[in-house]
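Student: Let me begin by handing over the structure; questions about it come next.
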């Protein structure tokens, strides 16, 4: 495993698009240190920004970054394989256009996380700001494949024009979520901000909290009347999400074990697993009816029989 520890020097905003395991892990330490990256203060060598070392690990083609990386934008851009694990927060457009591999962030992310993502897996233990999985300016579609797991909250315009893939948010989502959603699955266990689902064409919005009970969480879309369904495929979705989370936490555990400095200073920050739903009962609505009505909203329910409907809070839908 390649270990990059952030130095205390000031370089302003840093372009991290070249910090990828599929690019760096095949190079020697001296070659990595001499790699030129772009910063707000001009071109610098990677060895000026990070203290770089190699640590034996069972994780092949992997990079561990330790320190606050919030000033690093485009981290892992176009990554195709390998593991990029960051202990600290990351900047704008992290995971942009990634095509494979895993990004594990033990911290927060700024705007446009996973913009244009095509494949792979992104895990965020904290919160994510605006534009999660949404298109960058000038692009027609946002996330086009892969999986994103957010253990905290997300800001406005999450999954705007999302085309494929699965996004799971354990906490709340801001306003204009899933605006003009084209396809894919967007799961939000907490509350939704207002004006969500507008222009939705296809895809699934899966909610752990009933938005009809919250006056501040009303959609801008037109949906059909709700009907109760038992969807047998939902447990497969939950198993897939839980497996992704388990893989991410296992990687974090391995990274902690190989870095004594990390285990001494950040053990209290190692995230605990988020409980994943297990229900297959939902209340289903179709929409946006102004755009052919081929999308769906699934509000999670626990129903003892098709004729008996009972609303339960999300924590009552999860496995103990």
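The values are calculated or read from the model by the stated rules, or taken from the named source; none is laboratory data. Just so it is clear, the structure is predicted and the values come from calculations on it, not from any experiment. As a convention, Cβ positions derive from the backbone with ideal geometry for all residues, glycine included, and neighbour counts pool all protein chains shown.
Student: Condition first: out of contact with any strand residue (DSSP E or B) (no Cβ under 7 Å at 6 or more places or on another chain) and assigned to a strand (DSSP E or B). Can you find one or more residues in region 57-78 that meet it?
Tutor: No, the conditions are met nowhere in region 57-78.
Student: Name the single residue that is farthest from residue 247 (Cα to Cα) among those in region 92-120 being surrounded by fewer than 22 Cβ atoms within 10 Å (Cβ to Cβ) and touching a strand residue (DSSP E or B) at 6+ places or on another chain (Cβ under 8 Å).
Tutor: Restricting to residues being surrounded by fewer than 22 Cβ atoms within 10 Å (Cβ to Cβ) and touching a strand residue (DSSP E or B) at 6+ places or on another chain (Cβ under 8 Å), the top hit is 110.
Student: Are there any pairs, at least 6 apart or on different chains, whose C-beta atoms fall under 6 Å, with the first in region 290-302 and in the same structural domain as residue 192 (by TED's automatic domain parsing) and on the phi > 0 side of the Ramachandran plot and the second buried (at least 20 other Cβ atoms within 10 Å of the Cβ) and part of a strand (DSSP E or B), and if so, which?
Tutor: Matching pairs, first to second residue: 293/287.
Residues are listed down the side, and each one gets a yes or a no for (1) farther than 21 Å from residue 130 by Cα; (2) within 17 Å of the chain's Cα centre (by Cα); (3) in a helix (DSSP H, G or I); (4) at pLDDT 90 or above:
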position: 206; (1), (2), (3), (4): no, yes, no, yes
position: 216; (1), (2), (3), (4): no, no, no, no
position: 225; (1), (2), (3), (4): yes, no, no, yes
position: 246; (1), (2), (3), (4): yes, yes, yes, yes
position: 262; (1), (2), (3), (4): yes, no, yes, no
position: 267; (1), (2), (3), (4): yes, no, yes, no
position: 272; (1), (2), (3), (4): yes, yes, no, no
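Student: Follow-up question, since we're still on this one. Which is outside the structural domain of residue 67 (by TED's automatic domain parsing), at pLDDT 90 or above, surrounded by 20 or more Cβ atoms within 10 Å (Cβ to Cβ) and out of contact with any strand residue (DSSP E or B) (no Cβ under 6 Å at 6 or more places or on another chain), of 198, 190?
Tutor: Residue meeting the stated conditions: 198.
Residue-by-condition table, conditions (1) modelled with pLDDT of 90 or more; (2) surrounded by fewer than 17 Cβ atoms within 10 Å (Cβ to Cβ):
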| position | (1), (2) |
| --- | --- |
| 242 | yes, no |
| 250 | yes, yes |
| 284 | yes, no |
| 289 | yes, yes |
| 298 | yes, no |
| 306 | no, yes |
| 312 | no, yes |
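Student: Tell me which residues, restricted to region 229-240, are buried (at least 16 other Cβ atoms within 10 Å of the Cβ) and either in a helix (DSSP H, G or I) or at positive phi (or both).
Tutor: Within region 229-240, 234, 237, 238 qualify.
Student: Among the residues of region 142-183, write down those that are within 19 Å of residue 102 (Cβ to Cβ) and either out of contact with any strand residue (DSSP E or B) (no Cβ under 6 Å at 6 or more places or on another chain) or part of a loop (DSSP other than H, G, I, E, B) (or both).
Tutor: Matches in region 142-183: 143, 151, 152, 170.
Student: Another question, then. Among the residues of region 117-129, write down those that are within 12 Å of the chain's Cα centre (by Cα) and assigned to a loop (DSSP other than H, G, I, E, B).
Tutor: 117, 125, 126, 127, 129
Student: I'd like the full set of residues that are assigned to a loop (DSSP other than H, G, I, E, B) and free of Cβ contacts under 8 Å to residues at least 40 places away in the same chain, limited to region 79-93. Even if it seems obvious, please write down each step before you answer.
Tutor: Pass one, region 79-93, residues assigned to a loop (DSSP other than H, G, I, E, B): 79-82, 88-89, 91-93.
Those that are assigned to a loop (DSSP other than H, G, I, E, B) and free of Cβ contacts under 8 Å to residues at least 40 places away in the same chain: 89, 92.
Student: Same structure again: Quick check, is residue 61 in contact with a helix residue (DSSP H, G or I) (Cβ under 6 Å, 6 or more places away or on another chain) and closer than 18 Å to residue 20 by Cβ?
Tutor: Judged against the criteria, residue 61 is a match.
Student: If you scan region 95-108, which residues turn out to be without any contact (Cβ under 8 Å) to a residue 24 or more places away in the chain and under 8 Å from residue 122 (Cβ atoms)?
Tutor: 105
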